[in-house]
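Encoded as structure tokens, the structure appears first; notes follow it.
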Amino acid sequence: MQTERLKLLFNSYKEASLFGRYIHTDSIINLLENSDLKPFVNRVGRSVNNENIYSITLGSGSKKILMWSQMHGNESTTTKAVFDMLNVLLASEAISKSILETCTLKIIPILNPDGAKAYTRLNANNVDLNRDAQELSQPESNVLREVFDSFKPDYCFNLHGQRTIFSAGDTRNSATVSFLAPAQDDNCTITDTRKVAMEIISVMHSQLQQQIPNQIGIYDDAFNINCVGDTFQRFNVPTVLFEAGHFSNDYNREITREFIFQSLLVAIQYISENIITGSKYEDYFKIPENKKLFYDIIIRNTATASRDIGIQFTEKLINHTIHFVPKVEKISDLSAFFAHKVIDARGSEVLTIDGEIVLEGSENDFVSINNEKSSLKLKNN
């Protein structure tokens, strides 16, 4: 699909009621109960705290695609993109008709509603659902497995969000979108099932390169049978991991949201129009592996040689709003690392506003450099 067409669809059908990082069941319930989606919505289970878990099923085609978002409650960008995509599929667009005639989509928009409400990675029992694929110790894990078993998908999309620390390879390019075709055995064998997932990723990568060249990465494919994607891949269902990452100054992930929307639509259209054999998988290996090379802020050229100050934002839910709190993560020679923002201390000491030495682990909204107050906060915060 042409990039301009994708952009037009996004701008026309972006779900205006969803914005920012704090997305939970209350954010989407009106869309599920009082919009054109309502006939396609079912409750498929409940969370630890007895919150409803919903699925949305669209289409009548033989190619079945299962996707789930917010398995980690604080990874909400893909949820926004899912609803943008759903608006397209419900519209009178040629692409919508084509997809829904050839595919059946089942989507769990928020698998971990308790984690989403608390804005945490884990569920209410402090369990990472993406490490519970074998024990199935949590109700949310069982919901996903039961949906998987009953729906019997041909493809799975595992939708996540990643931190600002990742670069696309050994470059100063942030990994704005990342993918993975998970391994299905300890040897990370390039199986026929993985090749199909790799081919789909290659198509999405080609599309994204036209807009964010060299800002797409892949994750290390070390096998972990406790991860859901690895488990489903081991069941010989081609599974694609999506990771919504950072674009410059896009801490609300509204720009990344569009790239995820485009990727979803491109992938689903490709599935709908093709018999995917995995024969076109080799371009997958041209995508660089993610590296952890970024800080949100680095203060360089401080008074002490080799004493750069690396700062990461800690995301905190305060009064129903996500606040990005600057935390000193590392004080060291950080010349091998990059930053989304660089502050030049020009050889001056960097102190707290109270005139004390800045320490690792401390949270500081401001610092004093050469007796001048410098803000570490985001401009939109």
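Only the coordinates and a few stated rules stand behind these numbers; no lab work does. Predicted model, so just to flag it, every value in this text is computed and none were measured. In this analysis, Cβ positions are derived from the backbone assuming ideal geometry, glycine residues included, and neighbour counts consider all displayed protein chains.
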Scattering profile of the chain from the Debye formula, Cα beads only, expressed as log10 I(q)/I(0) at q = 0.07, 0.09, 0.13 Å⁻¹, is -0.33, -0.53, -1.06
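What does the charge dipole of the chain about its Cα centre add up to, to the nearest 20 debye, if the Cβ of each Lys and Arg holds +1 and the Cβ of each Asp and Glu holds -1? Display every interim value, and only then the final one.
Details: 38 positive and 47 negative charges, 117 e Å.
Dipole size: approximately 560 debye.
Considering Cα pairs under 8 angstrom that are at least six residues apart, work out the relative contact order of the chain and quote it in whole percent. Before the final figure, lay out the partial values.
Working: 856 pairs, mean separation 59.1, N = 381.
Relative contact order, the chain: 16 percent.
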Going through LYS292/LYS341; LYS63/LYS97; LYS80/LYS106; LYS316/LYS377; LYS117/LYS330 one by one, the pairs whose alpha carbons sit over 25 Å apart turn out to be LYS117/LYS330
Quick note, region 74-157: a/c under 1.5 would make it rounded; otherwise a/b > b/c is prolate and the rest oblate (a ≥ b ≥ c, C-alpha gyration tensor); here it is oblate
The relative contact order of region 267-370, taking Cα pairs under 8 Å that sit 6 or more residues apart, comes to a percentage of 26 percent
Once the dipole of the chain is set up from charges on Cβ (+1 Lys and Arg, -1 Asp and Glu), the residue from the list TYR54, ASN158, GLY73 lying farthest towards its positive end is TYR54
Across THR314, THR256, THR239, the residue with the highest GNM fluctuation in the chain (Cα network, 10 Å cutoff) is THR314
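Let me know the longest stretch in the chain that avoids all GluC sites (Glu not before Pro) found in a DSSP loop with at most 12 other C-beta atoms within 10 Å. If you can, show how the numbers build up before the last one.
Working: sites that count: GLU135, GLU356, GLU360.
It runs 136-355.
Using only the Cα atoms of region 294-375, construct the convex hull and provide its projected area averaged over every direction, in square nanometres to one decimal.
Numbers: hull surface 21.2 nm².
Computed as one quarter of the Cα hull surface, the answer is 5.3 nm².
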Nearest 10, in degrees from 0 to 90: the angle of helix 3-13 to the longest Cα principal axis of the chain is 90 degrees
Sorting ILE268, LEU376, PHE324 by the position of each Cα along the dipole of the chain (Lys, Arg +1; Asp, Glu -1; all at Cβ), the one nearest the positive end of that ordering is ILE268
